[in-house]
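Report on the following structure.
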Amino acid sequence: MNTIRSLVSNQTDEWSNNLRRQEKELFELRRQQISDEYDLLKKLLLDAQKNQMDSLKTKLEVETRDLKQAQTRKSMEDTRQIENDRTIASRAEKERRVKETKERNLKLFVEERKRLAMK
């Protein structure tokens, strides 16, 4: 009878130890899986962010280039318009108006570029 109790006790202990070991292994496997998923997700998000930043930089470069071209075109048109104005008699008056227009445009252009940079 003692041997049977001893055997049952040993088997129960082994069973309990096996269950604990199995639960511990399962916990470690789940933890490793979550860690791997986290690392993969982080890598994917960083790649997506990098692609998005590259896209935004490219878009900003294009917008900046277009803005500069439009500003240059406007400045040239304003100057040409003043030069071709027949109502202005003296050369000094034309130069004064060109200078005023360029100063006004410069202020406007700087503000436009600041707004674009903020965006």
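FYI, it's all coordinate maths here, none of it is from the lab. Quick caveat, the model's predicted, so the values are computed rather than measured. Here the Cβ is made from the backbone with ideal geometry for all residues, glycine too, and neighbour counts use every protein chain on show.
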Check: C-alpha center segment 9-41 vs C-alpha center segment 104-119, spacing in Å is 62 Å
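What is the projected area of the convex hull of the Cα atoms of segment 33-73, averaged over all directions, in nm²? Before the final figure, lay out each step's value.
Numbers: hull surface 9.3 nm².
Mean shadow area of the hull around the Cα atoms is 2.3 nm².
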For LYS94, counting only lysines whose alpha-carbon sits under 28 Å away and dropping same-chain residues fewer than eight positions off, the answer is LYS68, LYS74, LYS102, LYS107
Mind checking the angle between helix 91-118 and the chain's longest principal axis? C-alpha axes, 0 to 90 degrees, to the nearest 10. 10 degrees
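May I ask you to derive the FRET efficiency for ALA70 and LYS99 from their Cβ-Cβ distance with R0 = 30 Å, giving the value to the nearest 0.05?
On the way: r = 21 Å, r/R0 = 0.71.
Calculated value: 0.90.
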Check cross-link reach from LYS114 to the aspartates and glutamates: straight Cα distance under 20 Å, and skip same-chain residues fewer than eight apart. GLU61, GLU63, ASP66, GLU103
As I understand it, the value is the acute angle between the Cα axis of helix 2-83 and the longest principal axis of the Cα atoms of the chain; what does it come to in degrees, rounded to 10? 0 degrees
